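Reading through the structure tokens given below for one structure.
Bear in mind that the values in this text are calculations on the coordinates, not laboratory data. Here the structure is a predicted model, which is why all the values come from computation and not from measurement.
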Amino acid sequence: MSQGRGPRSTWEVVRSTAWPMFVGLVKVTVPLTALSFAIGLALALLVALARISSYKVLSGLARAFISVIRGTPLLLQLFIVFYGLPQVGLKFPPFTAAVIAFSLNVAGYAAEVIRSAILAVPKGQFEAAQTIGLNYPQTLRRIILPQAARTAVPPLSNTLLSLLKDTSLGSVVLLTELFRESQLAAAESNEFLVLYSFAGLYYWVVCVALSGAQKRLENRLSRYVIA
């Protein structure tokens, strides 16, 4: 029989897994979160503008999109993109599939946040913009959206925090992100409680950092609030 070292201690397991988990966080979890949120936010703005459009077709399509996204589980959406679409000839790598699913999910929820924030801006702001000769796109860009952003930041930040944690679902489409690294190590060592708790610590630290950034952004945007 070969001379083995015997079972590793809990501390040794955590120490050997901490770096792979950190790599999964930096290389997959954070880029997946950032890219999905950026794309989802851009889509959400378009959907929100379509939702408040006077054109019934646009408004109806936007309403239907929001209803479908908010009425179905994110895990199901992820499975449809990664496992379902290849059956109709649309096959994506795991990371791309995750970005598509997460971006669409963000768009569905954030669109209503942005729509509410835009409608919260006093109608007089639109009228004032017209009197100085601004067209609709200019009014949105220079007057309405800066004011709406202040209202939208807190709920959008919650969406971002939820997205960061939801990226753990990426493991079901073969993405080796933070949570997947903890799963692999826990299955090998049987240290489920410690390793999953340690993964939770990573998520918590990033969420705290994002919450701090949210506060700074709110303070910066407060200058757009009309007293």
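Please state the relative contact order of the range 154-212 as a whole percent: Cα pairs under 8 Å, 6+ residues apart?
For the range 154-212, the relative contact order is 33 percent.
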So what is the calculated 222 nm ellipticity per residue for the chain, using -39500 (n - 2.57) for each DSSP H run with n of 4 or more, over all residues, to the nearest 500 deg cm²/dmol? -23500 deg cm²/dmol
What angle do you read, to the nearest 10 degrees and between 0 and 90, between the alpha-carbon axis of helix 30-51 and the longest principal axis of the chain? 30
³J(HN,Hα) across the range 162-173 via Karplus (A = 6.51, B = -1.76, C = 1.60, θ = phi - 60°), whole Hz, x for Gly/Pro? 5, 4, 4, 6, 5, 4, 4, 6, x, 5, 6, 10
For P(r) over Cα pairs in 10 Å bins from 0, in percent, several values are listed as [x] 7, 26, 28, 20, 11, 5, 2, 1, 0; [y] 8, 35, 40, 15, 2, 0; [z] 8, 32, 34, 21, 5, 0; flag the one computed from this structure. [x]
In a Gaussian network model of the chain with springs linking alpha carbons closer than 10 Å, the residue among G212, G108, G24 that fluctuates most is G212
Residue separation times 0.36 nm, minus the C-alpha to C-alpha distance between T72 and V88: what's the value? 3.7 nm
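Stretched out fully, how many nm does the piece from L210 to S9 gain, at 0.36 nm a residue minus the Cα gap?
69.0 nm
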Relative contact order for the chain using alpha-carbon pairs under 8 Å, separation at least 6, rounded to a whole percent? 29
With springs only between Cα atoms under 10 Å, which of N135, N158, N190 fluctuates most in a Gaussian network model of the chain? N135
